[in-house]
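Written below as structure tokens is the structure these notes are about.
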Ligand code: TGC
Ligand code: FAD
């Protein structure tokens, strides 16, 4: 957080190592990402392979995992990196979190030694890209209803079905795919050059345009028994990965919010209305103050959850508190900042509306706001209201 927006000295809660990693991620975001984002967003195309290698060289892919070429850093360092990358664009953070928290984490946590050594070092270096296929066209919030299935054929598995809205899908080298089997939901590491696998890109998105989003189609994809993730059984496998990615979003969303607020503070100081700076009006200051308070609260919450994660006590409903609050506040901040920039707020010359549009996806993916309300509601009441 820049000095001017860090009203409560969040920095005093961070270690030197965490501050250093944040600085590395911020420099990359400022120098490599930020200048190109308006163009990538407008053209809806990103140099995903180059970016993955550059992020890998900085140690930002799977950075909270240990061994296999991963940096082995703590959760707060990982969260701060997500925050800085998302300050550039939520789509960039998606690239990082799908690679590290979903695809790599699934292989790291549930994979065989052979799967880990085959994929993780290359994925940490950004030389191989991963995606994570859980959502289906008819089953998003309720992945337990999935239709994608895998059946045994001798020692092999035959995979059929489809996944929808899959980040990195068309550029991935390996897809972690969750499928219904005779033994319940199981995960598979599917090399994307396997015959019968295809990943058409989803176009005409109005949000997260600087991110590859795809459908995955499995048409009698034959996989050897070694493709099965041996340690994941049932829905708790994929849901365990979601906890990791949601944690990154708790921090990341605050990056998008900070970028909007920084833009609005600067803009309000420069913009003259009725013969004096917009920032000198009480109405503007009330908006800026309220947004800064929510930003500071959100970052404090993120750091607190990070410390719980460090101790190994972080519970899924606590991650839901962070994801629900911080994304909801981030989108509110982005929209309020847009009002301060008024007409300029709708222009791609400024990052505010791009962040606001991106945050619509962030509000939906990794569990919608409603899903997180229901997770928290269940923790409060003991009653499951999902069904
Ligand atoms: P339910 O019966 O409650 O649980 C089934 C099994 O899973 C266990 N479990 C969890 N385990 C780990 N972490 C969690 N957060 C868990 N929540 C539940 C549970 O203990 C049980 O285990 P077992 O051993 O008894 O079988 O499951 P349900 O079918 O009622 O569903 C619960 C619900 C609705 C909360 C869950 O399905 C859910 O979270 N839905 C939202 C789906 C979602 O978030 N999808 C995200 C897809 S990936 C993505 O969006 C990537 S976006 C790109 C980016 O990140 O940038
Ligand atoms: P639905 O589940 O159809 O929900 C529709 C509405 O109903 C929502 O408002 C929801 O909150 C509400 N609702 C659902 N259930 C209940 C209930 N029990 N009570 C009350 N209200 C309810 N998925 C992946 O697997 N991998 C990815 O990499 C990935 N990347 C994504 C990238 C983008 C840009 C987007 C937009 C999505 C991505 N997703 C990914 C999918 C994402 O996780 C799903 O969109 C999300 O889980 C919601 O599912 P749905 O869109 O099918 O909505």
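Please treat every number below as a calculation from the coordinates, not as lab data. Owing to the predicted nature of the structure, the values given are computational and were not obtained by experimental measurement. Quick reminder, even Gly has a Cβ in these numbers, built from the backbone with ideal geometry, and neighbours come from all protein chains shown.
Comparing 290, 89, 220 in a Gaussian network model of the chain where C-alpha atoms under 10 Å apart are linked, the largest mean-square fluctuation is found at 290.
The GNM of the chain, with springs linking C-alpha atoms under 10 angstrom apart, assigns the highest mean-square fluctuation among 311, 109, 53 to 311. Hey, what angle do you get for helix 316-345 against the long axis of the chain, alpha-carbon based, 0 to 90 degrees rounded to 10? Computed tilt is about 50 degrees. Each 5 Å bin from zero holds the following percent of Cα-Cα pairs in region 287-351: 4, 16, 22, 17, 14, 10, 9, 5, 2, 0.
Quick one: check the C-alpha center-to-center distance for region 76-140 versus region 260-328, whole angstrom. Result: 26 Å between the Cα centres. Roughly how tilted is helix 369-381, in degrees to the nearest 10 and between 0 and 90, from the longest Cα axis of the chain? Taking the Cα atoms of the chain, the angle to 369-381 is about 80 degrees. Once the Cα atoms are used to define both axes, helix 113-124 deviates from the longest principal axis of the chain by about 30 degrees. Each 10 Å bin, from zero up to the one with the longest distance, holds this percent of the alpha carbon pairs of the chain: 5, 24, 33, 24, 10, 3, 1, 0.
Given a cut-off of under 8 Å on Cα pairs at least six residues apart, what relative contact order in percent is computed for the chain? With pairs under 8 Å counted, the relative contact order is 18 percent.
Percent relative contact order of region 222-340, based on C-alpha pairs within less than 8 angstrom and at least six residues apart? Reported relative contact order: 40 percent. Label zone (residue 147, point 7 Å along Cα-to-C-beta; backbone nitrogen cut-off 19 Å) within region 185-211: 185-186, 197-200.
Note on residue 272 and residue 202: the model spin-label points, each 7 Å out from Cα along the C-beta direction, lie 4.7 nm apart. Highest GNM mean-square fluctuation among 141, 43, 279, for the chain modelled with Cα contacts below 10 Å: 43. If the segment from residue 332 to residue 49 were pulled out straight at 0.36 nm per residue, it would be longer than the present Cα-Cα gap by 98.6 nm.
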